[in-house]
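To start, the structure itself, in structure tokens.
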Amino acid sequence: MSSPYPAPPPYPSYPQQQPSALAVVSLVAGILSVVLAPVIGLLALGLGVAGIATGAITLAKRTPGRGLAIAGLVTGGVGALVGVVVTVVLFVVYGSFLLLGISGAFDQEWAEGEYDLAPQPYGDSAGTSVGEFGYGESAVLDQYVVSVDSVHTEGDVLYADLSAQYTGTDTGSAYYDLYGYLDSADGEEFSATDCGEAVSPDAYDLPDLAPGETVTFQVCFAGVEDPAGAAVEVVDGEGLGSYGSWSDALTPGGPSHTGV
């Protein structure tokens, strides 16, 4: 028997919407950024940014592929973040190896004698030693006539009293031009710039010198446990100019003359 009611009409079928190209690009870029992040940080960072940008555009324009766009945003963000971390780590590691390589090359050159603690040549002076002297004797350096007049110790600090006459043609500065070192008998070297004790007069406080002008000042060397046999070196030009060496061995009266 036939139904008195007519059959309901079939539901209309709608064509399935395809995701937009931007949504697909967002997802692909995001996935690639995550995959490549542990290996190629910069490329992963670029792909991650691309995934985030295309995903954001897809969502903003409400084009088909919302799910793909969201997945692209998430994976792109993760890939970009990991890419940044990997890139920073690689730069730090590369920089460390670069510094170690430079330091290693410097140490090798030092061991081979290309670098030396002794003062090196400077200008026309040839940078050679002008000799060894007793305390109170004068030495002619590049632009100064220098004398280490006496030395004395207070604890582990050795103080040296110096006189310097400027023989240059312009103006000189004992503080900037002359550098003091102490070579101990066992080969240890001390620099006056490393001593923080008060000295008087301090070369830093002295005025600039006119040609022929003479000044006296004091320098110190800290951490000198055994001053016996030590020699004071004065260099005209921060380890690069001519230099002289003063010690008790050549001083009349020996150690009792200098108080060491």
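Answer yes or no: is there a residue in segment 103-126 that is modelled with pLDDT of 75 or more and assigned to a loop (DSSP other than H, G, I, E, B). No, there is no match, as no residue in segment 103-126 is modelled with pLDDT of 75 or more and assigned to a loop (DSSP other than H, G, I, E, B).
Meeting the requirement of 3 or more residues that are among the polar types (S, T, N, Q), the strands (runs of 3 or more DSSP E) wholly within segment 162-226 are 214-221. Consider segment 220-249 and keep the residues that are open to solvent by less than 10 Å² (accessible area, probe 1.4 Å) and not aliphatic (A, V, I, L, M). The one that is farthest from ASP149 (Cα to Cα) is GLY241.
Contact annotation: residue pairs with Cβ atoms under 6 Å, 6 or more positions apart or on different chains, pairing a residue in segment 59-84 that is β-branched (Val, Ile, Thr) with a partner that is open to solvent by less than 40 Å² (accessible area, probe 1.4 Å), are THR63/SER20; THR75/GLY30; VAL82/ALA37. In the set (1) over 15 Å from ASP156 (Cα atoms); (2) modelled with pLDDT of 85 or more; (3) of a type outside the set (A, V, I, L, M), PHE221 fails one condition alone, (1). Restricting the first member to segment 210-221 and to residues that are acidic (Asp, Glu), and the second to residues that are surrounded by 14 or more Cβ atoms within 10 Å (Cβ to Cβ), the beta-carbon pairs closer than 9 Å and six or more apart or on different chains are GLU213/GLN165; GLU213/TYR166; GLU213/GLY172. For segment 89-98, the count of residues that are closer than 23 Å to PRO19 by Cβ, modelled with pLDDT under 80 and either open to solvent by less than 80 Å² (accessible area, probe 1.4 Å) or assigned to a helix (DSSP H, G or I) (or both) is zero. Residue check: is THR54 open to solvent by less than 70 Å² (accessible area, probe 1.4 Å), not hydrophobic (A, V, I, L, M, F, W, C) and not in a helix (DSSP H, G or I)? The answer is no for THR54. Looking across SER163, SER200, SER147, one residue alone is open to solvent by 60 Å² or more (accessible area, probe 1.4 Å) and more than 31 Å from the chain's Cα centre (by Cα). It is SER200.
The values are calculated or read from the model by the stated rules, or taken from the named source; none is laboratory data. In this text, all values refer to a predicted model and were calculated from it rather than measured experimentally. Please note: Cβ atoms are built from the backbone with ideal geometry, for glycine as well, and neighbour counts cover all protein chains shown. In case anyone asks, the SASA skips ligands and DNA or RNA and just uses the protein heavy atoms, side chains included. Shrake-Rupley method; radii C 1.70, N 1.55, O 1.52, S 1.80 Å.
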